[in-house]
Amino acid sequence: MDQTIGSWAFIIGVLIAILGGIFAPMLAEQAAWVTLVLVILGLIVGFLNIGDKEIPGFLMAAIALMLVGSADLEIIDKVVAPVGTYLASIVANIVAFVAPAALIVALLEVYRLASTPKGTTAK
């Protein structure tokens, strides 16, 4: 059941991030609500979807996405307007979705590592 909820939270989060980015000019007044929904869905994904084996890959992907989010994608508008603006908005939404999940996973991993006695391996 938890896996199903987490899977749906991921799918819905990605769809909201993409659609929210595409329709950002029309959703300007609801932008804070879109971000709040993405953060909540990201927290759900972080708690329910990422197992021990997926932690390193997930955190690496989250770092990569957040780095992409810091890029000036709107410069693409100089070549193909308004693609850069839409792309920047979509990526910002994806970062808003992934960052809370990465925070939860990273905190759980730090706790797991810190609570393991020195000289033993964590499970």
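The values are calculated or read from the model by the stated rules, or taken from the named source; none is laboratory data. These numbers were taken from a predicted model, which means no experiment stands behind them. Ideal geometry is used to build each Cβ from the backbone, glycine not excepted, and the neighbour counts take in all protein chains shown.
Some notes on this structure:
- Residues within the range 70-85 that are in contact with a helix residue (DSSP H, G or I) (Cβ under 6 Å, 6 or more places away or on another chain) and either within 17 Å of GLY20 (Cβ to Cβ) or not β-branched (Val, Ile, Thr) (or both), tallied: 6
- Being under 12 Å from the mean Cα position of the chain (by Cα) and part of a helix (DSSP H, G or I) is not true of PHE47.
- Pair list, Cβ under 7 Å, 6 or more apart: the range 103-117 residue closer than 12 Å to GLY46 by Cα and in contact (Cβ under 8 Å) with a residue 12 or more places away in the chain, other residue part of a loop (DSSP other than H, G, I, E, B) and acidic (Asp, Glu): none
- Any hit, the range 97-105, residues being over 16 Å from LEU38 (Cα atoms) and either among the β-branched types (Val, Ile, Thr) or in a helix (DSSP H, G or I) (or both): yes
- Within the option set LEU113, LEU65, being within 18 Å of the chain's Cα centre (by Cα) and of a type outside the set (Gly, Ala, Ser) holds for one residue only, LEU65.
- All positions within the range 77-110 that are exposed (fewer than 11 other Cβ atoms within 10 Å of the Cβ) and over 18 Å from PRO25 (Cβ atoms): LYS78, VAL79, VAL110
- Selected residue (only one of PHE47, PHE10 is surrounded by 15 or more Cβ atoms within 10 Å (Cβ to Cβ), aromatic (Phe, Trp, Tyr) and over 30 Å from PRO82 (Cα atoms)): PHE47
- GLU74 in a helix (DSSP H, G or I), farther than 25 Å from GLN30 by Cα and of a type in the set (Asp, Glu): no
- Put simply, of THR85, THR35 the only residue that is at pLDDT 95 or above, over 25 Å from GLN3 (Cβ atoms) and either of a type in the set (Phe, Trp, Tyr) or in a helix (DSSP H, G or I) (or both) is THR35.
Residues checked against (1) outside any helix (DSSP H, G or I); (2) without any contact (Cβ under 8 Å) to a residue 40 or more places away in the chain; (3) over 30 Å from LEU113 (Cα atoms); (4) under 13 Å from the mean Cα position of the chain (by Cα):
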| residue | (1), (2), (3), (4) |
| --- | --- |
| ILE16 | no, no, yes, yes |
| LEU43 | no, no, no, yes |
| LYS53 | no, yes, no, no |
| ALA81 | yes, yes, yes, no |
